Structure formats: structure tokens, C-alpha cells
1. So how far apart, in nm, are the two label points at Ala40 and Ser106 if each is 7 Å from Cα heading toward Cβ?
2. Just in region 1-60: which trypsin sites (Lys or Arg not before Pro) are loop by DSSP and have at most 10 other Cβ atoms within 10 Å?
3. Please give every one of the lysines within straight-line cross-link reach of Lys86, meaning a C-alpha to C-alpha distance under 27 Å, and leave out same-chain neighbours fewer than 8 residues apart.
4. Which one of Leu105, Leu80, Leu11 has the biggest mean-square fluctuation once the chain is modelled by GNM with Cα springs under 10 Å?
5. Compute, for Ile28, the solvent-accessible surface of its heavy atoms (probe 1.4 Å) with the complete set of protein chains present, and express it in square angstrom to the nearest 10.
6. Compute the length gained on full extension between Ser62 and Arg29: take 0.36 nm times their separation in residues and subtract their Cα-Cα distance, giving the result in nm to one decimal.
7. Under 9 Å from the Cβ of Gly33, count the other residues' Cβ atoms, weight Lys and Arg +1, Asp and Glu -1, and hand me the total.
8. Ordering Tyr93, Tyr37 by how much accessible area each has at a 1.4 Å probe, largest first, what is the list?
Amino acid sequence: QVQFVESGGGLVQPGGSQRLSCQVPGIIRRIYGMGWYRQAPGKQRELVATITDAGSTNYADSVKGRFTISRDNAKNTMFLQMNSLKPEDTAVYYCNADITPWPSLSATNYWGQGTQVTVSS
């Protein structure tokens with residue numbers, strides 16, 4: 001079982017910035033695609049951004065130009081830089097990844113426990 005280490009959430013004012021990180025601990029054979037999702041109160045979980053193991057990225061229209069997803073493969077860590085934050089960005093942000101942990105030979109999709117981001121004055 002893989003348990004991500006998520007950090008960086010909290011309270012931020014509108015227009016501010018915040019950086020989330022998601023680290024995959026333990027011995028890992030390979031991490032494939034990774035992504036950030038979010039869920040606001042009373043709404044369904046939605047995709048925020050994804051990144052392949054080769055570095056190709058994809059963003060939800062609502063965050064394009066404001067959020068940047070990246071990863072450090074050497075440290076098994078993914079980041080989400082969030083700029084120009086809006087109150088509608090308030091949500092629990094979840095890390096997601098397809099991982100082959102040691103000693104498994106096949107990939108499994110894993111979810112983080114989530115980190116709260118609140119954008120409010």
C-alpha cells in the first residue's frame with residue numbers, strides 16, 4: 001500500500017499563491033502518470049492537472065494560465081504551483097498516481113488523503 005505525503009494546503013487570500021507537493025515514499029519501481037484533483041463542498045471531484053512520466057501536462061480550463069504542475073522524478077515528488085487564486089479554487093486537493101511499488105510487477109492507481117486549500121479574505 002502506498003501512502004502519499006501531501007503538504008502545502010491552508011488559507012490564502014484571493015490573488016495569492018500556494019504550492020502543493022505530493023511525495024511518494026518507499027521503494028518504487030516506477031511512477032507513471034500523476035495528477036491533482038479537487039473536490040469542493042457539494043460538488044463532484046474534478047481534474048485539475050495531470051503530468052505524464054515524460055513531462056507532458058494537461059490542465060482544466062478553469063486553471064489554465066494560473067496553475068503549473070511539475071514533478072521531480074528523482075525525488076518521486078509532484079508539485080502544483082497555484083497563482084492568482086480565486087475563492088472558487090477552494091477545495092480539498094487530492095494527489096493521484098499510477099504506481100508500481102516494490103516488489104509488485106503491475107501498476108495500481110493510488111489516491112492521497114487530500115489537503116484543504118481555502119481562498120478567502
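The values are calculated or read from the model by the stated rules, or taken from the named source; none is laboratory data. A quick note: this is a predicted structure, and the numbers were derived from the prediction, not measured. Note that we place each Cβ from the backbone using ideal geometry, even for glycine, and neighbour counts take in every protein chain shown. Surface accessibility is based on the protein's heavy atoms, side chains included, excluding ligands, DNA and RNA. Shrake-Rupley method; radii C 1.70, N 1.55, O 1.52, S 1.80 Å.
1. Each label point is offset 7 Å from its Cα along the Cβ direction, giving 3.8 nm.
2. For trypsin sites (Lys or Arg not before Pro) across region 1-60 that sit outside H, G, I, E and B with at most 10 neighbouring Cβ atoms in 10 Å, the list reads Lys43.
3. The qualifying lysines are Lys43, Lys64.
4. The residue that fluctuates most here is Leu105.
5. Here the residue's solvent-accessible area equals roughly 40 Å².
6. 8.5 nm is the gain from fully extending Ser62 to Arg29.
7. Values: positive: none; negative: Asp53, Asp98.
Residues near Gly33 contribute -2 overall.
8. On the way: Tyr93 0, Tyr37 55 Å².
Ranked list, largest accessible area first: Tyr37, Tyr93.
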